[in-house]
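Colleague: After the structure tokens below, expect a handful of questions from me.
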Amino acid sequence: MCGVFGYIGGPRAASIVLEGLRKLEYRGYDSFGIAALGKTLHVAKRQGRIPEEGFDIRGLAGNAAIGHTRWATHGVPNDTNAHPHLDCTGKIAVVHNGVIENFAVLKRQLQERGHRFLSDTDTEVIAHLIEEVYEGDLPAAVNAVLPALEGSYAILALAKGDKRIVAARNRSTLVIGIGDDALFAASDMTPILEHTRRMVVLEDGDVATLAPASVCITNGGAPVDREEEIVQWSVEDVRKGGFRHFMLKEIFDQPAVFSEAVRALRNEELPGIIRDAGRVTIVACGTSYHAALVFRYLLEEKCRVPARVEPASEFRYYPPPLEGLVIGISQSGETADTLTALQMAKARACPTLAIVNVVGSSITRLADASLFMNAGPEISVAATKSFVAELAVFLHLVDVLKGGACAYELDSAHLAIEEALLLDLTPAVACCRDATDIFFVGRGPFYPIALEGALKMKETSYIHAEGYAAGELKHGPFALLSPETPVVAICVPGETYGVMASNIREMKARGTPLIVLGQKDDRDMQEISDVFIPLPFAESIAGLLSATVIMQLLAYHTADALGRDIDRPRNLAKSVTVE
Amino acid sequence: MQAVILAAGEGRRLRPLTKNRPKALIPVANKPIIDYPIKALLECGIRDIIVVAGYRKDHVKRHLNSLDAPIKVVEQKNQLGTGDALRCAAPQIRENFLVLPGDNLIDALSISRIMARQNSVLVKDHPYPSNFGVVMAEGDMVRSIIEKPEHAPSFSVSTGIYHLTPDFLSHLTDNSLTDSINGMLERGGHLGVVMAGEWHDAVYPWDLLALNKKVLRETSPAKSGAIDRTAVIRGPVLLGKGATVGPFTVIYGPAVIGPGAEIGSHCAIGPFVSMGDRSKIDPFTLIRHSLLMEDVQVGSHSRVTEAVIGEGSAFGDHTTVEPGVPLVEIEGTLIRGRFGCIVGDHVRADPLCIFQGAIVGNDVQIRGGKMISGTDACQDGVVVV
């Protein structure tokens, strides 16, 4: 998982690329580098994040530059392994996102032919391969090299003596931006948006040649036409806008995200494969997996459609006997495991549906039909608004399958999110911040909400947190309860209120600090809990959403109180494009 | 020229409307009040705008992010006063600057006047000066400003809009901006008087109706919703994207109707009505001289006049809202206002209720057929049975 960004046009190429790379840092941030092409080729690269200031790019003159922000897969993150990588002569520079699977073989062959390698990366082989065939025409050289590469890649290349950037894509997203007097190429739209809204999304096998004033796209050597899109995302969407963290900004975006997602879906015809589905399998990872679990409860309860939910990473190696619709969910549309799972479903002749946020991402090309979350770019590694947008998509599906029975609830659901944003969670945060372990429990559709709450707590605050179906706590984890392990419990009116209340009393008896999310006027819970958080709405859809938001805010404020790097938690990347 | 907009205060006198948002974010003609001073500044060519946010600061940031103009936000941790708020923005100030309250309406002409005079305050005559800082002046120079005097010696009040130089920041010794200004004057500083054109403040919640009316007069008509061909639209009406107007409904401008709003058949809306995004009016209902925030619903056969209704509140059918002149206590003072109702957010009222000069808190539930007036239901969260 890495980000590439290239620019060709005006004289400030290197600084434009550096700014663009900052926007791509959410794709990985353990090293970065830039190559700029003026009279000669200059490279600067460094381990670590891009510093706010003090990174000297004065030496990088030229009107074309390529840059890279890295998430290490081959070779440890250090200065040498940072991209761009050069050939033996220092005339060719390459940045690359993806994995070259046959790089070991290629590297050995190249070494036998006398090439000297500096880094441990798979990318460096590309530079040396180009070197062997380069005779002053970079596009021709790249085209000649690509057949030798196996694996996934989005490549940008520069060569001394050729005033062009060459971009190539295979199974890794690459977007070309067309400005008034400049051209851009990037792993996604975020760094391009502030310059232009005209975008072309490359397809697998495409090679784009960016000259100062023209772009030419070929596939297998033959020119192809790719449709230009006008992207509506505003630059504002990708700015932090006064908020201290993207995560909080994105949490506050959620009321609008929810109603926008529903509104957009209502204007679209629902793909027939959904209405006809007698049985549904959903594959997803992480937060999307939790959203899928909520969907399962609703689909089975309200629509009587049998559904199973599988983590995509398991599904791809242990696929169940498949029949019926297979749905893959991925915010980025690039999650490797989910992509593979959908490919397998297709191979078994199952209809496939993608639920995705990023238009033009790989998953949309793969699936038979796609539904979009319309959540806008999500920068924070900890997913928040995409979860709410995924719920919006699912709730809309349930609504349509039920013939509009939940339309009213859907219309007013954003109010529940808005109200949850107003709650003061200080007492709950005080209860969590010093804990080393926290349990999150719920029942029914609130069980996945508890899982999601625990995940948010883990990834932002680094506090060990576990989500459980409340009844399961007794089968083991109860042994861990003590006055040092707070429990966050969701207890709402309904069928399970009674059992949930008795679960909570049992926990109380162990001296566990209790944070209970319950209905506003629930006196019992107010008395028994140490911290009571009144859910603005406790009824089904609105209740799910307000509980979700409270969980997100609890994790956020706890992490903030502990001084964590909230938007970029350690060891994590935004979208996981490798296994 | 820079501008510092003070938007950190809660605006307690405007409760229940300020429980969930600062005063600066209360919508007037479907836009938060703070948008109007920002618009005036932009019209005068001021691009470097700093907003001080405090109470519900994240909501302020979210709103500012939705505007086209890039605006800096600084945070005031504790709402100690306007002087302290300005101190929070001080590190950003490099040149002459304006200070403006984020919760007042001001026109661009007044801004351009005060821009022309360094070290000055924008002053306006007001019939009830005791609610403001009263300006004691000699000729066109200020002698002192007396904050909310019981017996006002003059009708000239400070709008809270100043044109100051960076030197002033060293006089910022008090948490109150007015006291800091007085301190500066005592130490021999000078402050000129500049007369304001249009300036309006909402001191009490019912003042919002007048503010709404004021702004609605400037409505430039535009229609982008779905209007039934039998519906009649007269006067300046701004109809948002995706709004629908049912058959035989009449809308009298000026009125502003937000995106996604639904107006049923046979309704009479306006004049002087603003309806927030996604608000919904059922058939045979009359609404006039009212301010409805986002997601408000009014049931069929209702009659609503001079109402301010908070976000997400819903009235059942056959609701009546009629103006009354109740005596209400606000922040310790008894005061008489004229209005139909001031209703907080997320209020549910069942059918056949009557509101007359009523202040209703947030999250209040009212069972059917109740008559509500004065402060009967002003506590947040009460259930009126």
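Colleague: Whether any residue in region B:333-352 is of a type in the set (Lys, Arg), more than 18 Å from B:Leu208 (Cα to Cα) and not in a strand (DSSP E or B) is what I want to check.
Modeller: No, there is no match, as no residue in region B:333-352 is of a type in the set (Lys, Arg), more than 18 Å from B:Leu208 (Cα to Cα) and not in a strand (DSSP E or B).
Colleague: Under 7 Å between Cβ atoms, which residue pairs at least 6 apart in sequence (or on different chains) link something in region B:238-250 that is within 14 Å of chain A (Cβ to nearest Cβ) and assigned to a strand (DSSP E or B) with a partner that is open to solvent by 10 Å² or more (accessible area, probe 1.4 Å) and of a type in the set (Asp, Glu)?
Modeller: Short answer, once both residue conditions are applied: B:Thr244/B:Glu262.
Colleague: Let me ask another. Identify the residue in region A:50-75 that is part of a loop (DSSP other than H, G, I, E, B) and over 22 Å from A:Arg12 (Cβ atoms) and, among all such residues, is modelled with the lowest pLDDT.
Modeller: Applying the filter and picking the extreme gives A:Thr73.
Colleague: When the residues of region B:30-84 are narrowed to those that are of a type in the set (Asp, Glu) and within 19 Å of the chain's Cα centre (by Cα), which ends up farthest from B:Pro254 (Cα to Cα)?
Modeller: Step by step, filter region B:30-84, then rank; the result is B:Asp58.
Colleague: Within 19 Å of B:Glu198 (Cα to Cα), free of Cβ contacts under 8 Å to residues at least 60 places away in the same chain and in a loop (DSSP other than H, G, I, E, B): is that true of B:Pro127 in this structure?
Modeller: Taking the combined requirement at face value, the residue satisfies it.
Condition check ((1) modelled with pLDDT of 95 or more; (2) open to solvent by less than 20 Å² (accessible area, probe 1.4 Å); (3) away from every other protein chain (no Cβ under 14 Å)) across all residues:
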| position | (1), (2), (3) |
| --- | --- |
| B:Thr305 | yes, yes, yes |
| B:Val308 | yes, yes, yes |
| B:His318 | yes, no, yes |
| B:Leu327 | no, no, yes |
| B:Ala349 | yes, yes, yes |
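Colleague: While we're looking at this one, here's another question. Might you let me know whether region B:196-206 holds any residue that is touching a Lys or Arg at 6+ places or on another chain (Cβ under 7 Å), β-branched (Val, Ile, Thr) and open to solvent by less than 20 Å² (accessible area, probe 1.4 Å)?
Modeller: yes
Colleague: Has region A:380-400 got any residue that is open to solvent by less than 10 Å² (accessible area, probe 1.4 Å), within 14 Å of another protein chain (Cβ to nearest Cβ) and at pLDDT below 90?
Modeller: Looking for residues that are open to solvent by less than 10 Å² (accessible area, probe 1.4 Å), within 14 Å of another protein chain (Cβ to nearest Cβ) and at pLDDT below 90, one finds none in region A:380-400, hence no.
Colleague: From the set of residues in region B:69-83 that are open to solvent by 50 Å² or more (accessible area, probe 1.4 Å) and more than 8 Å from chain A (Cβ to nearest Cβ), which is nearest to B:Leu98 (Cα to Cα)?
Modeller: Of everything passing the filter in region B:69-83, B:Thr82 is nearest to B:Leu98 (Cα to Cα).
Colleague: Could you check region B:180-195 and list, in sequence order, the residues that are surrounded by fewer than 17 Cβ atoms within 10 Å (Cβ to Cβ) and touching a residue at least 60 places away in the same chain (Cβ under 8 Å)?
Modeller: B:Gly189, B:His190, B:Met195
Colleague: At pLDDT below 95 and over 19 Å from A:Cys216 (Cα atoms): does that describe A:Asp137?
Modeller: So A:Asp137 does not fit the description; no.
Colleague: Also, quick follow-up: Looking at region B:354-367 only, could you name the residues that are over 27 Å from A:Glu418 (Cα atoms) and surrounded by fewer than 24 Cβ atoms within 10 Å (Cβ to Cβ)?
Modeller: B:Ile354, B:Gln356
Colleague: Sticking with this one: Condition test on B:Val123, is it open to solvent by less than 30 Å² (accessible area, probe 1.4 Å), out of contact with any Gly (no Cβ under 8 Å at 6 or more places or on another chain) and farther than 26 Å from A:Phe246 by Cβ?
Modeller: Judged against the criteria, B:Val123 is a match.
Colleague: Hand me the list of helices (runs of 4 or more DSSP H) wholly inside region A:268-317 holding 3 or more residues that are modelled with pLDDT of 90 or more.
Modeller: Those helices (runs of 4 or more DSSP H) span A:286-303.
Colleague: Let me ask you something else. I'd like the full set of residues that are more than 24 Å from A:Ile363 (Cα to Cα) and either touching a strand residue (DSSP E or B) at 6+ places or on another chain (Cβ under 6 Å) or at pLDDT 90 or above (or both), limited to region A:179-194.
Modeller: A:Gly179, A:Ala182, A:Leu183
Colleague: When you check B:Met293 against the structure, is it surrounded by 24 or more Cβ atoms within 10 Å (Cβ to Cβ), more than 14 Å from chain A (Cβ to nearest Cβ) and in contact (Cβ under 8 Å) with a residue 60 or more places away in the chain, yes or no?
Modeller: Considered against the rule, which asks whether it is surrounded by 24 or more Cβ atoms within 10 Å (Cβ to Cβ), more than 14 Å from chain A (Cβ to nearest Cβ) and in contact (Cβ under 8 Å) with a residue 60 or more places away in the chain, B:Met293 comes out as no.
Colleague: Then there's this: Can you tell which of B:Arg229, B:Arg234, B:Arg278 is touching a helix residue (DSSP H, G or I) at 6+ places or on another chain (Cβ under 8 Å) and open to solvent by 50 Å² or more (accessible area, probe 1.4 Å)?
Modeller: B:Arg278
Colleague: Restricting region A:290-317 to residues that are of a type in the set (Ser, Thr, Tyr) and either more than 28 Å from A:Val381 (Cα to Cα) or touching a residue at least 24 places away in the same chain (Cβ under 8 Å) (or both), which is most open to solvent (accessible area, probe 1.4 Å)?
Modeller: Among those that are of a type in the set (Ser, Thr, Tyr) and either more than 28 Å from A:Val381 (Cα to Cα) or touching a residue at least 24 places away in the same chain (Cβ under 8 Å) (or both), it is A:Tyr297.
Colleague: OK, next. Can you name the residue in region A:478-493 that is touching a helix residue (DSSP H, G or I) at 6+ places or on another chain (Cβ under 8 Å) and in a loop (DSSP other than H, G, I, E, B) and is also least open to solvent (accessible area, probe 1.4 Å) among such residues?
Modeller: Looking at residues that are touching a helix residue (DSSP H, G or I) at 6+ places or on another chain (Cβ under 8 Å) and in a loop (DSSP other than H, G, I, E, B), I get A:Pro486.
Colleague: Considering only residues of region B:48-68 that are in a helix (DSSP H, G or I) and either farther than 20 Å from B:Arg12 by Cβ or of a type in the set (Val, Ile, Thr) (or both), which is farthest from the other protein chains (Cβ to nearest Cβ)?
Modeller: B:His63
Colleague: Name the residues in region B:329-347 that are charged (D, E, K, R) and within 14 Å of chain A (Cβ to nearest Cβ), would you?
Modeller: B:Asp345
Colleague: Output the qualifying pairs, or none if there are none: Cβ atoms under 6 angstrom, residues six or more apart or on different chains, first residue in region A:401-419 and within 13 Å of chain B (Cβ to nearest Cβ), second residue acidic (Asp, Glu) and open to solvent by less than 20 Å² (accessible area, probe 1.4 Å).
Modeller: A:Ala407/A:Asp399; A:Leu410/A:Asp399; A:Leu415/B:Asp295
Colleague: Would region B:90-111 turn up any residue that is open to solvent by less than 40 Å² (accessible area, probe 1.4 Å), more than 22 Å from B:Trp199 (Cβ to Cβ) and either away from chain A (no Cβ under 14 Å) or assigned to a helix (DSSP H, G or I) (or both)?
Modeller: Scanning region B:90-111 turns up at least one residue that is open to solvent by less than 40 Å² (accessible area, probe 1.4 Å), more than 22 Å from B:Trp199 (Cβ to Cβ) and either away from chain A (no Cβ under 14 Å) or assigned to a helix (DSSP H, G or I) (or both).
Colleague: Could you give every pair whose Cβ atoms fall below 7 Å, whose first residue belongs to region A:520-537 and is without any contact (Cβ under 8 Å) to a residue 24 or more places away in the chain and more than 9 Å from every other protein chain (Cβ to nearest Cβ), and whose second residue is part of a helix (DSSP H, G or I) and not charged (D, E, K, R), counting only separations of at least 6 or pairs across chains?
Modeller: Here the result reads A:Asp524/A:Ala501; A:Phe532/A:Met525; A:Phe532/A:Gln526, each pair linking region A:520-537 to a residue that is part of a helix (DSSP H, G or I) and not charged (D, E, K, R).
Colleague: Further question on the same structure: Among the listed residues B:Val232, B:Val256, identify the single one that is out of contact with any Phe, Trp or Tyr (no Cβ under 6 Å at 6 or more places or on another chain), more than 21 Å from B:Met293 (Cα to Cα) and touching a residue at least 12 places away in the same chain (Cβ under 8 Å).
Modeller: Only one candidate passes the filter, namely B:Val232.
This table checks each residue for (1) outside any loop (DSSP other than H, G, I, E, B); (2) open to solvent by 10 Å² or more (accessible area, probe 1.4 Å); (3) under 17 Å from A:Thr460 (Cβ atoms).
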site: A:Ser502; (1), (2), (3): yes, yes, no
site: A:Gly518; (1), (2), (3): yes, no, no
site: A:Glu527; (1), (2), (3): yes, yes, no
site: A:Gly543; (1), (2), (3): yes, no, no
site: A:Ser546; (1), (2), (3): yes, no, no
site: A:Gln552; (1), (2), (3): yes, no, yes
site: A:Ala559; (1), (2), (3): yes, no, yes
site: A:Arg568; (1), (2), (3): no, yes, yes
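The values are calculated or read from the model by the stated rules, or taken from the named source; none is laboratory data. Just so it is clear, the model here is predicted, and its values are computed rather than measured. Every residue, glycine among them, receives a Cβ derived from its backbone with ideal geometry; neighbour counts consider all protein chains shown. For accessibility, only protein heavy atoms count, side chains too; no ligands or nucleic acids. Shrake-Rupley method; radii C 1.70, N 1.55, O 1.52, S 1.80 Å.
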